[in-house]
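No lab work stands behind these numbers, since they all come straight from the coordinates. None of the values given here were measured: they were computed from a predicted structure. Cβ placement follows ideal geometry from the backbone for every residue including glycine, while neighbour counts extend to all protein chains displayed.
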Amino acid sequence: MLLQLRVMYSAGKKEKLTKRDALPADLSSSGLALPAEVTFVLNLIEEPCALLLPDGRMLAANAPLLLFFKLPALQARQHSFLDRVHPEDKAPLIRKLLLAQNKSRAYEAITRLSAIENGYTTHLLRIKCCNSSISLTIKKPSEAQAEDQQFESLATASLIYDKSLNLIRYNQQFCQMLGYTDSELQVIGLNKLLHPQHAPMFNSQMLELASGSKTAFTTELQIRHKNQQYLWVQYTAGLLDRPGEEPYITAIALDISKLKQKETQLVQEQQDMGLFIDRVTHDMKGPLRSLMALHRIVELEYGHDPKVMEYFNHYHSTIGRLNTTVTDLLTLSRVKKGAARMGMVNLRNMVQDCLQSLCHLPDFYRITFTIRIEIKDSVYIEENLLQTIIQNLLENAIKYCSDTAPKVLVCIKLKDDQLVLEVSDNGIGISEEAQAHIFDMFYRATTRSNGTGLGLYILRNAVEKLQGTVKLRSVPHKGSRFIVSIPYQPAAVGAKENA
């Protein structure tokens, strides 16, 4: 059986020693000397380092450690490392020695050591399981204090993993965030605190990080607090792999529970507002139809009286604008809900139906319409959303047509698995400044507009529902061209999936 002893140099370099014979489980009681290669490799390490048994007895020590404790080389195995540990730090260190052996994980400990009589200095100990023994390296006091102070001074909850995904260190902010003490977290372990639904995804991402298939990730997950309530945490982890150094993973955890609560509240408020608008606009539609019909009755009975018709024409115009607003809000509500109504659509017939519904608009009959449908068969697509897109594109082209020889070109084709709809006109165009806001809610690019400012906002939402894109190319006083691209699902595939 191969025994591999991995030793870390102070500069971060690795050396691997391989021996054919396994070491006895307890060299201190076997009476056998350690292999010369082990002692040789230990002495290559610049920092004080020793091999310990889980009870703290030293199996071997390198020259820097013997010098640090002022021990003769032959007496090293007669001493326990714990004899040089401050009484208050012994219990935490013993716990980490046992954890290192039982869980085969690496740990760090800030410990006060007695290198001189009646005096203790603070050091960073790095502890790692090595077969049946434990390797322990002592960092310099200045290094230990500097690293510890720097790590603990971080304002966010921070963690460090080794390449084997052992959690070797976390700061006090992490403990405070979860409500546990350092010793409690060491016993419980982070994985046991993860929400069952989030643990598989989190572990998978960490494995990808450790394997080097990704260098960083950010995710949102739930971790159980000591009060048994789950916290929402934004967890960001990254792999640090520097040449000549042992790779390790750093992570930060941000408590976003309050943000999640506000997000949930905001979603609920948006749903309530959507329901309110839907109900109100539906309830307004009936009275508006009656008011629109009333104008027709007045026109039949008092059409001969110019004064009466002047007043009622103003009234009818106001009611018309209100009706348009209500209609646009209803359309927007349907688009937002995104209820799928998949079906086979004849594109030429749909364009003709949309034009027929817009024939009441001023200037409609002055415009020369050209329709090019470069698709022979019907397409399988969400009907309502596609109709909304075509309707709004055509309405926009008609409203802002040219004063002389107005033209509108409609072209629909397939290109690179995309259904491409292009509507071009030679109208008034859109300024470069206005183009940046043209798809915003209630935005009007020109004073010529008397609409609600919702048309192109509805268009954008419908396109996004179909996972498509919309582009605008426009030159003032020369015209505009809207290009909508929608991922196309062939009819055969679509029918099969929705059978």
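Observations
- Calculated on the Cα set of segment 247-397, radius of gyration then Dmax: 23.4, 91 Å.
- Karplus (6.51, -1.76, 1.60) ³J(HN,Hα), θ = phi - 60°, over segment 395-407, in Hz, Gly and Pro reported as x: 4, 5, 5, 6, 4, 10, 6, 6, 6, 10, 6, x, 9
- Of the trypsin sites (Lys or Arg not before Pro) found in segment 382-466, the ones in coil according to DSSP and having at most 11 other Cβ atoms within 10 Å of their Cβ are ARG448.
- Cα-based equivalent ellipsoid of segment 261-337: semi-axis lengths in Å, sorted from largest, via gyration tensor: 38, 10, 8
- Among the GluC sites (Glu not before Pro) in segment 355-452, those placed in a DSSP loop whose Cβ has at most 16 other Cβ atoms within 10 Å are GLU374.
- With only Cα atoms counted, segment 46-140 has Rg and Dmax values of 12.1, 35 Å.
- Counting only Cα atoms, the size of segment 154-255 along its three principal axes is 42, 26, 24 Å, in decreasing order.
- Efficiency of FRET from Cβ geometry, GLU46 and SER257, R₀ 56 Å, rounded to 0.05: 0.75
- 5 angstrom amide H check on LEU52, placed H, neighbours 5+ away: LEU59, ILE134, SER135, LEU136
- Chymotrypsin sites (Phe, Trp or Tyr not before Pro) restricted to DSSP loop in segment 414-464 with at most 14 other C-beta within 10 Å: PHE442
- With the convex hull drawn over the C-alpha atoms of segment 342-497, the volume per residue is 107 Å³.
- With R₀ set to 56 Å, the beta-carbon distance separating LEU71 from THR264 gives a calculated FRET efficiency near 0.35.
- Using θ = phi - 60° and Karplus 6.51 cos²θ - 1.76 cosθ + 1.60, couplings along segment 201-213 (whole Hz; Gly, Pro as x): 5, 5, 5, 5, 5, 5, 5, 5, 5, 5, 7, x, 6
- Applied to segment 363-376, the Karplus parametrisation 6.51 cos²θ - 1.76 cosθ + 1.60 on θ = phi - 60° returns per-residue 3J(HN,Hα) values of 6, 4, 7, 8, 8, 8, 9, 10, 10, 10, 10, 9, 10, 6 Hz, with x for Gly and Pro.
- Using the alpha-carbon positions of segment 295-378, Rg (one decimal) and Dmax (whole number) come out as 18.9, 55 Å.
- Added length on full extension, which subtracts the Cα-Cα distance from 0.36 nm per residue, LYS376 to LEU190: 61.0 nm
- Cα centroids of segment 197-274 and segment 40-54: 38 Å apart.
- When ARG224, ARG372 are sorted by how many other C-beta atoms sit within 10 angstrom of their C-beta, beginning with the fewest, the order is ARG372, ARG224.
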